[in-house]
Each structure stands twice: as structure tokens, then as C-alpha cells.
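Below: the structure, in C-alpha cells.
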Amino acid sequence: MPVYFLGEEENGGSPIKIGVAKNIEARKRNLQTGNPLELRLLGWIETADEFGLETRLKNELKAVRSRGEWFNIEPADILPFLVRAGRDGFVAKSADAFLITGYDSDAIPEYLGVWEWADLEIDECCPFCGCLCGMHFQEASQMHYCIRRDTLTNFPEFDRDCEEPNDEKAGRSLREKSE
Ligand SMILES: [Zn+2]
């Protein structure tokens, strides 16, 4: 069962509640009923030892405990826990990780990103499922591979522009063109 991290939306995702729920969305709706502040799912960890993991996390954070299962930490503070869980760690990803939010001074597009509280490269975090397994370039297929979902993608939306997010080469050629 997953261990989830829920934050209060109005306060930048803090404080954060840690708990265990089979159905995180249903738990969130239940908690929302008694809470005037909008709650937001920040991430979760899949585990077969959910209560053991929950206890360990709460022990690690006991110095910053607020009340009950709530802790005075920021969303970025849970990232090390998610990273530690590897392919079992997930961020609750942004609705559209590939939304272009602007262009930097070298005309390189900047994307919304998979998680708003940290800059996660695609090899650190899969932009499709939010898994901290990341995506890895597979030479044989020349495609990106998500370990967790066992799927390959060639980022069709970027092929149109012959460009991939976080691709150094694409960045360089764009930069050369603009010079
Ligand atoms: Zn994935």
C-alpha cells in the first residue's frame, strides 16, 4: 500500500501530512471534508511494508512534527525520501510537464517541469508517470525508456522541432543558430 504525502495548497504545500492509504484520492477527499484549506497530493511511495516505512519516516521527522500526522516541512523536503525509494517513489506530477513556460536568453524553451518544487531532469524523474526511476536513453531503439512503466517513447511532440527537453545538443544547435 502506498505511503502518501499531502500538503496544504494555500501555504505552498506545507505543512505536510504523511499517511498510508490504499486509495490516496479517496483519502484526500475524506481529509478535505474536515479541512478548510485545499489539500494537494505531493508524492507517494509504493511499498509492501507501508506501516514500517510510515513509522520510519515519522521518526526521522519527529523534531518537526506539528500535530498528529502533520509535519512542518516543505514539499522539497520530501524529495530525498522519494529519491531513496527509487522506482517506488513518485512525485504527483504537474498536469502538463511539457508546457513551455518561456524562453531563456539563448532562446531555449523552458518547460513547466514534472514537479514544481524541484528541477528534475528526465533521467531523474519520468515526466509521464512521475516515477523517480527516471527515463534512460536506450541505444538499441534510440528511444527513452521508463523502467517503472516498461515503456519506450521518442517524445513525438519534440520530434517536430528536432529537439528534446534537457538535450544538450539541441540546446547547443539552437544557440549556434541564434548567434
Ligand atoms: Zn514513467
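The values are calculated or read from the model by the stated rules, or taken from the named source; none is laboratory data. No experiment lies behind these values; they were computed from the predicted model shown. Here Cβ is always computed from backbone atoms with ideal geometry, including for glycine, and neighbour counts include all displayed protein chains.
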So which pairs qualify, if the first residue must be in segment 32-47 and among the hydrophobic types (A, V, I, L, M, F, W, C), the second must be assigned to a loop (DSSP other than H, G, I, E, B) and buried (at least 17 other Cβ atoms within 10 Å of the Cβ), the Cβ gap must be under 8 Å, and the two must be at least 6 apart or on different chains? 41/92; 42/13; 42/92; 42/117; 44/2; 44/92; 45/2; 45/85
Keeping to segment 20-42, report how many residues are exposed (fewer than 11 other Cβ atoms within 10 Å of the Cβ) and β-branched (Val, Ile, Thr). 1
Lone qualifier among 104, 88 - being within 16 Å of the ligand (Cβ to nearest atom) and either at pLDDT below 90 or under 28 Å from residue 17 (Cβ atoms) (or both): 88
Flagged pairs (Cβ under 8 angstrom, 6 or more apart or on separate chains; first in segment 80-106, more than 21 Å from residue 1 (Cβ to Cβ); second of a type in the set (Asp, Glu)) are 94/116; 98/157; 100/110; 101/110; 102/110; 103/110; 104/110
Looking at (1) surrounded by fewer than 16 Cβ atoms within 10 Å (Cβ to Cβ); (2) at pLDDT 55 or above, find the lone condition where residue 161 falls short. (2)
So, in segment 1-56, of the ones that are within 18 Å of the chain's Cα centre (by Cα) and among the hydroxyl-bearing types (Ser, Thr, Tyr), which residue ends up farthest from residue 90 (Cα to Cα)? 14
Find the strands (runs of 3 or more DSSP E) located wholly in segment 1-83 whose residues include 3 or more that are at pLDDT 95 or above, and list them. 3-8, 16-20, 39-45
So in segment 133-151, with the set limited to residues that are modelled with pLDDT of 85 or more and in a strand (DSSP E or B), which one is surrounded by the most Cβ atoms within 10 Å (Cβ to Cβ)? 135
